[in-house]
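Report on the following structure.
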Amino acid sequence: MGDKTHYRKVFKSDHLGVADLEDLKEEGSRLVFIIKEVKQEYNVTVAGRKGNHNIAYFKENIKPLVLNATNSKVVKGFAGGSPFVEDWKNIPIELYIDYNVRLMNEVVGGVRINPRKPSIEKPELKPNTEQWSKAKAFLMTDGNTIDKITGKYLISDENREKLLSEVTDA
């Protein structure tokens, strides 16, 4: 199927759709992404119609996703129940294609967010890496603590001590 073209590609949407997910699935990609932020955008064109929409932007280099009511409810749940889009940041989600989505009494298929939050393994922080240097610089800034780093990275006890000693000795 790699040499075939999905019929929806010709419509060139600026937002994530079924054809985009099918391409990613064909590449063998896991459809797990992290929402960087959600913005309410007014008078924006989606699927050829102007309207007001909640649009999720991702940390990964993929198109933004227009959040319909169903997907918005899932993200709200992942954000601790907060209904405010400003709180919908740094949220991991897993997308899938629901081929039974209906629009105006027609089955069209659509992008859905899995209601089970995906587990995201944190990367390991190791010496002599770019992340290590950034972590050191971060810790040297007034008020920053190792807890903020361990929230983002896995770090062994040995490397934790090494990092803290490098910061103290600097």
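The values are calculated or read from the model by the stated rules, or taken from the named source; none is laboratory data. These numbers were taken from a predicted model, which means no experiment stands behind them. So basically every Cβ, Gly included, is an ideal-geometry build from the backbone, and we count neighbours across all protein chains shown.
With the structure loaded, tell me whether Asn128 is part of a loop (DSSP other than H, G, I, E, B) and closer than 30 Å to Ser13 by Cα or whether it fails that test.
Values: part of a loop (DSSP other than H, G, I, E, B): yes; closer than 30 Å to Ser13 by Cα: no.
Answer is no for this residue.
Is it the case that some residue within segment 75-85 is surrounded by fewer than 19 Cβ atoms within 10 Å (Cβ to Cβ), more than 13 Å from Gly17 (Cβ to Cβ) and either acidic (Asp, Glu) or in contact (Cβ under 8 Å) with a residue 40 or more places away in the chain (or both)?
No, every residue in segment 75-85 fails to be surrounded by fewer than 19 Cβ atoms within 10 Å (Cβ to Cβ), more than 13 Å from Gly17 (Cβ to Cβ) and either acidic (Asp, Glu) or in contact (Cβ under 8 Å) with a residue 40 or more places away in the chain (or both).
Go through segment 21-49 and give me each residue that's out of contact with any Phe, Trp or Tyr (no Cβ under 9 Å at 6 or more places or on another chain) and assigned to a strand (DSSP E or B).
Listed by number, the residues that qualify are Val32, Gln40, Glu41, Tyr42, Asn43, Val44, Thr45, Val46, Arg49.
Considering segment 91-123 alone, what residues qualify as being within 30 Å of Tyr7 (Cα to Cα), in contact with a helix residue (DSSP H, G or I) (Cβ under 7 Å, 6 or more places away or on another chain) and in a loop (DSSP other than H, G, I, E, B)?
Of everything in segment 91-123, those that are within 30 Å of Tyr7 (Cα to Cα), in contact with a helix residue (DSSP H, G or I) (Cβ under 7 Å, 6 or more places away or on another chain) and in a loop (DSSP other than H, G, I, E, B) turn out to be Gly109, Pro115.
Where the second residue is surrounded by 12 or more Cβ atoms within 10 Å (Cβ to Cβ) and in a loop (DSSP other than H, G, I, E, B) and the first is of a type in the set (Gly, Ala, Ser) and lies in segment 123-143, which pairs have Cβ atoms under 8 Å and are six or more apart or on separate chains?
From residues that are of a type in the set (Gly, Ala, Ser), the pairs are Ala135/Leu125; Ala135/Tyr153.
Please state which one of Leu103, Leu95 is modelled with pLDDT of 95 or more, out of contact with any His (no Cβ under 6 Å at 6 or more places or on another chain), in the same structural domain as Ser29 (by TED's automatic domain parsing) and within 26 Å of Ala47 (Cβ to Cβ). Give the derivation first.
Details: Leu103 fails: modelled with pLDDT of 95 or more.
Answer to the selection: Leu95.
State whether the residues of segment 2-19 include one that is at pLDDT 90 or above and hydroxyl-bearing (Ser, Thr, Tyr).
So far as segment 2-19 goes, no, none of its residues is at pLDDT 90 or above and hydroxyl-bearing (Ser, Thr, Tyr).
I'd like the residue in segment 140-170 that is closer than 13 Å to Lys122 by Cβ and not aliphatic (A, V, I, L, M) and, out of all such residues, is surrounded by the fewest Cβ atoms within 10 Å (Cβ to Cβ). Let's see the steps before the verdict.
Initially, segment 140-170 is screened for residues closer than 13 Å to Lys122 by Cβ, giving 148-156.
Filter once more, so that each one left must be not aliphatic (A, V, I, L, M): 148, 150-153, 156.
Details: Lys148: 13, Thr150: 13, Gly151: 9, Lys152: 14, Tyr153: 16, Ser156: 11.
Here the residue is Gly151.
Kindly establish whether Val46 is surrounded by 14 or more Cβ atoms within 10 Å (Cβ to Cβ), within 14 Å of the chain's Cα centre (by Cα), in the same structural domain as Glu26 (by TED's automatic domain parsing) and among the β-branched types (Val, Ile, Thr).
Numbers: surrounded by 14 or more Cβ atoms within 10 Å (Cβ to Cβ): yes; within 14 Å of the chain's Cα centre (by Cα): no; in the same structural domain as Glu26 (by TED's automatic domain parsing): yes; among the β-branched types (Val, Ile, Thr): yes.
When the stated conditions are applied, Val46 does not pass them.
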